[in-house]
Amino acid sequence: MTSWVRRFVVIGSTLVMGAAFPCVVWAQPPYITQWGSFGSGNGQFNGSAAAAVDATGNVYVTDFSNNRIQKFDNNGTYLTQWGSPGSGNGQFDSPDGIAVDAAGNVYVVDHSHARIQKFDGNGTYLTQRGSYGYGNGLFELPTCIAVDAAGNVYVTDASTNRVQKFDGSGTFLTSWGSPAAAADSSAI
């Protein structure tokens, strides 16, 4: 039987959602639970984009069109949220990828502002990195994010076709991918 499904990939503790693609479904996985509905209230979503799970099992979900992050326990009970539309610290324009490090810090891709914002597990703004551009540490269209066991942060950029790696404090370490524009940081 062939059907269309959404592809999910787990990188570390981050659930990354990919584009729909045709595949052969051999067996349906067992249904466990779900939560949320369309809307802007607590526990509702308008374009949930990604989810990440912390070490205690709390689930953080980017709510793309509501420009916020929602936090749930592992049973789906709403705990809190943060963010609002805007460009200030703790504000978003289309939050996309999300990851949680071993210390419980939450990294959020602020898609339309070409930056990564870092929060503690309760949503307190800590810092940010990045802005528009093609050079090291800059983003054109950041989408996904992951954190490894050593605390290094990896960010994909759909427009520049590369992955950038930062240490936990935000220092650029390296990148891979070979877009022509990304090779020349003056091409902004």
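Observations on the model:
- All positions within the stretch 85-124 that are of a type in the set (Asp, Glu) and touching a helix residue (DSSP H, G or I) at 6+ places or on another chain (Cβ under 7 Å): ASP93, ASP96
- Residue in the stretch 63-72 that is closer than 14 Å to THR124 by Cα, open to solvent by 40 Å² or more (accessible area, probe 1.4 Å) and not aromatic (Phe, Trp, Tyr) present: no
- Among residues of the stretch 46-60, those that are hydroxyl-bearing (Ser, Thr, Tyr) and surrounded by 14 or more Cβ atoms within 10 Å (Cβ to Cβ), counted: 2
- In the stretch 106-142, the residue that is farthest from the chain's Cα centre (by Cα) out of those that are surrounded by fewer than 20 Cβ atoms within 10 Å (Cβ to Cβ) and within 14 Å of VAL61 (Cα to Cα) is ASN122.
The values are calculated or read from the model by the stated rules, or taken from the named source; none is laboratory data. Values in this document were obtained by computation on a predicted structure and should not be read as measured data. All Cβ positions, even for glycine, are placed from backbone atoms using ideal geometry, and neighbour counts span all protein chains on display. These area figures cover heavy atoms from the full protein model, side chains too; ligands, DNA and RNA do not enter into them. Shrake-Rupley method; radii C 1.70, N 1.55, O 1.52, S 1.80 Å.
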